[in-house]
Amino acid sequence: NTLSTTTYAGANFSGFNYVVPANQSKVITVKADLTTYQDLGVTATGKAFQLALVPDYDGTTSGVQLPITATGAQSGATSVIAVGNFTATSDTAGTTTPLTLEANGTTTQVAAVTGQVRANEFVLYRVKLAIAWASDAPSGASSPNAAQTIAKFTIQNMANAGGYVATVFAVNFSISTTISNTADRVLTIYKDSLSTASLGTTTFITGATIAKVMGNTNFVDGNMTNVEISSGSSKTFFVTLDTTDAASTKSLSITIPNSHVSMAVSGTGATRYGILWGDGVSGSTTIVGNDRQLPLAQKTLTY
């Protein structure tokens, strides 16, 4: 509407009759057409948005225009939310500023202004991924093998309005184990089946406990083959490891983390993310903790 600016969008609903019985509450659902990110006035995906009931829905007009007006069914009296229920900021002209926006990394989000009634923030991408262990992911009692499947998981590109493709650039694994190597042992990642070309490999060095030396893998964009997943489709991934050294009573646990510090022979490492992916616009991004998908619950193999 006319209250929208280049930093925030305003919506003003009026003229409808919504009855809330005495001593009861109602839930109001707000929906928006977000088919294209360009329609929201941003130049790329990966931007954060947040709905708020603000203390003054028209910051360009002097005074305070409160957001909710209600009329008593029996008394006919009309009232608005009391000013004290919100906190607004004022400029030198005496008008109130309805929203404060701040930069947050690659996103723009509503600042936490005390008193605003705010919804949860959401970040807009063209695609949304779902990650889960496969129903037949290995766990429990197992036997050592030169190419043992130690993990099996799926990544789904949820159906989206534009039919956009998701690209997976890298996947990382956090491994804890009591196995010690007598020779270099290789971890390999595949998609679709074990008979396909590998997507990437990493080697655990001789004489080291995997968990202490390289239990956290170090895959980044460029050292793992990209995997494209079409809208509404999923891909199955397999992880194999040479567990020849797994003696009786040894164990190995694996998960896909939100993030971890990758380990190297020297004991130094860098932050690596469980899933590195892109939607074709934002470049590479990660599955963040707010998605509530990672880390996956650990799967443990016993020998």
Note down all Cβ pairs under 6 Å where the first residue falls in the range 113-128 and is within 24 Å of residue 37 (Cβ to Cβ), the second is at pLDDT 70 or above and not in a loop (DSSP other than H, G, I, E, B), and they're at least six residues apart or on different chains. 118/52; 121/48; 122/49; 123/48; 124/37; 124/47; 127/157; 127/166
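Here's the yes/no breakdown for (1) of a type in the set (Asp, Glu); (2) surrounded by fewer than 10 Cβ atoms within 10 Å (Cβ to Cβ); (3) touching an Asp or Glu at 6+ places or on another chain (Cβ under 9 Å):
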position: 22; (1), (2), (3): no, yes, no
position: 26; (1), (2), (3): no, yes, no
position: 29; (1), (2), (3): no, yes, no
position: 35; (1), (2), (3): no, no, no
position: 39; (1), (2), (3): yes, no, yes
position: 43; (1), (2), (3): no, yes, no
position: 50; (1), (2), (3): no, no, yes
position: 57; (1), (2), (3): no, no, no
Any residue that is surrounded by fewer than 13 Cβ atoms within 10 Å (Cβ to Cβ), among the polar types (S, T, N, Q) and not in a strand (DSSP E or B) - is there at least one of those in the range 170-177? no
Got a number for residues in the range 145-163 being assigned to a loop (DSSP other than H, G, I, E, B) and surrounded by fewer than 17 Cβ atoms within 10 Å (Cβ to Cβ)? 8
Do we have any residue at all in the range 53-68 that's closer than 19 Å to residue 120 by Cβ and touching a residue at least 60 places away in the same chain (Cβ under 8 Å)? yes
Scan the range 178-207 residue by residue and report those that are part of a loop (DSSP other than H, G, I, E, B) and either hydroxyl-bearing (Ser, Thr, Tyr) or modelled with pLDDT of 95 or more (or both). 178, 182, 192, 193, 194, 195, 196, 197, 198, 199, 206
Determine whether the range 223-231 contains at least one residue that is crowded, with 19+ Cβ neighbours inside 10 Å, touching a strand residue (DSSP E or B) at 6+ places or on another chain (Cβ under 7 Å) and at pLDDT below 95. yes
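Could you say which residue among 43, 69 is under 21 Å from the mean Cα position of the chain (by Cα) and either at pLDDT 80 or above or in the same structural domain as residue 287 (by TED's automatic domain parsing) (or both)? Break it down into steps so the answer makes sense when it comes.
Values: 69 fails: under 21 Å from the mean Cα position of the chain (by Cα).
From the options 43, 69, the qualifying one is 43.
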Taking the condition more than 30 Å from residue 53 (Cα to Cα) and either outside the structural domain of residue 256 (by TED's automatic domain parsing) or at pLDDT 95 or above (or both), does residue 143 pass? yes
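The values are calculated or read from the model by the stated rules, or taken from the named source; none is laboratory data. Since we're looking at a predicted model, the values are computed, not measured. No Cβ is skipped: glycine too gets one built from the backbone with ideal geometry, and neighbour counts run over all protein chains shown.
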